[in-house]
1. In segment 370-388, which residue that is surrounded by fewer than 17 Cβ atoms within 10 Å (Cβ to Cβ) and either in contact with a strand residue (DSSP E or B) (Cβ under 6 Å, 6 or more places away or on another chain) or not charged (D, E, K, R) (or both) is modelled with the highest pLDDT?
2. Going through Lys712, Lys697, Lys659 one at a time, which residue ends up being free of Cβ contacts under 8 Å to residues at least 24 places away in the same chain and within 29 Å of Gln759 (Cα to Cα)?
3. Does Ser103 qualify as being closer than 26 Å to Tyr242 by Cα and surrounded by 17 or more Cβ atoms within 10 Å (Cβ to Cβ)?
4. Need the failing condition index for Phe123 against (1) buried (at least 18 other Cβ atoms within 10 Å of the Cβ); (2) within 22 Å of Lys56 (Cα to Cα); (3) in contact with a Leu (Cβ under 9 Å, 6 or more places away or on another chain), just the number.
5. Quick check on my filter: what residues within segment 374-398 are acidic (Asp, Glu) and either in contact with a Leu (Cβ under 8 Å, 6 or more places away or on another chain) or closer than 20 Å to Phe422 by Cβ (or both)?
6. Keeping to segment 211-234, report how many residues are in contact (Cβ under 8 Å) with a residue 12 or more places away in the chain and either outside any helix (DSSP H, G or I) or more than 20 Å from Ser37 (Cα to Cα) (or both).
7. Do we have any residue at all in segment 729-742 that's out of contact with any Cys (no Cβ under 7 Å at 6 or more places or on another chain), modelled with pLDDT under 85, surrounded by fewer than 20 Cβ atoms within 10 Å (Cβ to Cβ) and not hydroxyl-bearing (Ser, Thr, Tyr)?
8. Among the candidates Ala256, Ala353, Ala268, Ala293, which residue alone is in contact with a Cys (Cβ under 7 Å, 6 or more places away or on another chain) and in a helix (DSSP H, G or I)?
Amino acid sequence: MGKLFKNLKPYWKSVLMIVVLLMVQAFCDLSLPQYTSDIIDTGIQNSGVEHILPEKITAEEFQNAQLFMTADEQKTWQDAYNGDGDILDRNDFSKKDLEQFDSDLIVPILLNYQMSMMSEDGFREMLMQQQQGNPQAAEQLKTMSIADIGKSMGVTLTPFERTEEDDDGNETTVTCVDVRPLFAAMQEAGQFTEETRSEMRSQLETMLDTMGESLVQSMGIAYAVQCDQAAGLDTDKIQTNYLWAAGGKMIAIAFAMMAVTFCISYVAARVGAGVGRDLRKKVFSRVMQFSNAEMDQFSTASLITRSTNDIQQVQMVTAIFLRMLLYAPILGIGGILKVVNTGAGMGWVIALAVLVILGIVGVLMSIAMPKFKKMQTLVDRVNLVSREILTGLSVIRAFGREKTEEKRFDTANQNLTKTNLFVNRVMTFMMPVMMLIMYSLTILIVWVAAHRIDGGSMLVGSMTAFITYAMMIVMSFLMLTMMSVMLPRASVAAGRIDEVLQTKTSVQEPTAPQHLAQPAGVLTFDHVSFRYPHAEEDALSNLSFTAEPGKTTAIIGSTGCGKSTLVNLIPRLYDATSGKITLDGVEIQDLSLEELRQQIGFVPQKGVLFTGSVKDNIAFGNPDISEEEIVEAAKAAEADGFVREMEKGYDSDISQGGKNVSGGQKQRLSIARAVAMKPEIFIFDDSFSALDYKTDKKVRENLKTAAAGATKLIVAQRIGTIMDADTIVVLENGDAVGIGTHKELLQTCPVYREIALSQLSEEELGL
């Protein structure tokens, strides 16, 4: 995982910005359910009123409310209002103060509210209990009207009707009586004692303990709404204003969340793209520094996969990580805190869901993880096979091996497909199971909450908010699970990329490079040996010779004797195992790679051309060359003729890999490119093999003029190509078995003589 996310270090400011924005998004996201709850519980059920203290109250109701208050509560109540007329206004208080009033005054206010609308049946029952010792009076009460009962007690009692809901939710009309005038009269007469008041409050408190805090609060708010209406306030307007205010806040939060989400997505995408860009640059730079030894370590197909598919995986996961994985714990922790604050007592439901999710994810990942690691290797295999088939398509067709190669590709493709299908089948269980958990969680919450709502300990809006928070928590874990699907593959990809970046090239730049004062091109091999990595024997052994400016040094030998290895040591495509190679008296390992390679015009065994024009390919090593010099270089390589026959001449396009020119033409353009560079040393690695004898001879004659003062090294198989060389080095199994001119070697070197006689007659050789 460290390899995956260490690339984020240069973007720590952007990551920090994303974290801050994610916190803002989470705050907005977690605020919406609470507003929804408030709209349901306060805006709809409580008519937009949040506290039990009325905003306005009539003077009469103000006095009546104090009947059941203690002395301290009366003082608190009186301090809460101001005004001398028929209508009193509530003073300005903070939300905290109002919540304190809700707690301190709920009992006397509810007792007052209960007495203001006692049912007629309840009132008569209360009177009958008081007259248990007087059957006659009790019988008389049954026939008396409420008004008559009031007159008998010296007060005015007026019955009224109100609508209530029964246990089944059906509306019914109930006759009620405001009995507070009776208690007021009793208080004046000294009959309503503190003991009686305490007993009534105690009975009410016992009843409230069984009802639930939410229901008790709603009853107190109902009293406040009734008082506001009686005082002339438009409660419908209060409710409408509350709903508009809450709705407006929700809309503002939604827009803020949209803007924040856009910013997060934009920044995360930029960071992801930046990481991909940086990795491509690093990988390309590292591969460009690789010697042939490192190129042998990684296949071309693997390097292509690592530079494209693997980096794409890391880029995609990085963006998703910043957008989802960072958001998941923020949202989850925030949701848990919100659930705790609801006080619903259903945290165990969330804990159960989370444990189930973690268990399922653990099982699925234990099955899928090994396959994720295998997939990248299989992708490499498909790329390798595809590249080999496409590169060698002409050979495959010539030998009639289409069916065999199709089977080979099909095997690689089927292995990748089977692994992909296995992983996908395993992960297909993820989403349905998560949906099942979410829906089951919703049902469980509704089931538990319904009982709490029925008991008055929970409101409908609170249940709605709890469900939303629960879904957020589950979704946060779902996001983590989705990332758990992507992270393993991306982690493997990051490891493969890091493997390339951590691979140190065996060819190192010198710490204190020397410089060539006046490059001449004197190249000396001094007891040079070379062994390939992990090889058991040397490819070159104790090789010593000197190649001088203006002269041609040829290297010949049987296949596999080390000819190409020798010339690869000169531009430091490999470094010699022992001995030293000097250029103008300076060890090539003490020269910077750039300076060394500027002195060398290298023509590989297999000509390589690049996409562009003929002119671009010839000027590849010397971009500042003039058009006249380009033409002269082409003439020296016997390429001017066929180039001018092309549709656009030197401006003609060369396709990818030079596929629109022949092998001989490709070689001649490669030679022209080396000539155009005007180096001190020319290296021709069997570069004339694709040329016919006539063209071969002409090119070598032209080079005598075009590269007259340069050092020329020619690797060849043809004796005819090197007969005129000033020095010929004969290799056999990595050893120099002969060094001299053509005539000298015919007499002194059996190996050279054998090669020569296998190609030319004795007359042609001058024997």
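1. Ser386
2. After ruling out the rest, the residue left standing is Lys697.
3. On the way: closer than 26 Å to Tyr242 by Cα: yes; surrounded by 17 or more Cβ atoms within 10 Å (Cβ to Cβ): no.
Spelling it out, it is not the case that Ser103 is closer than 26 Å to Tyr242 by Cα and surrounded by 17 or more Cβ atoms within 10 Å (Cβ to Cβ).
4. (2)
5. Residue satisfying the conditions is Asp380 alone.
6. Residues meeting the conditions: 11.
7. Scanning segment 729-742 turns up no residue that is out of contact with any Cys (no Cβ under 7 Å at 6 or more places or on another chain), modelled with pLDDT under 85, surrounded by fewer than 20 Cβ atoms within 10 Å (Cβ to Cβ) and not hydroxyl-bearing (Ser, Thr, Tyr).
8. Selected residue: Ala256, the only one of Ala256, Ala353, Ala268, Ala293 that is in contact with a Cys (Cβ under 7 Å, 6 or more places away or on another chain) and in a helix (DSSP H, G or I).
The values are calculated or read from the model by the stated rules, or taken from the named source; none is laboratory data. Here the structure is a predicted model, which is why all the values come from computation and not from measurement. Note that we place each Cβ from the backbone using ideal geometry, even for glycine, and neighbour counts take in every protein chain shown.
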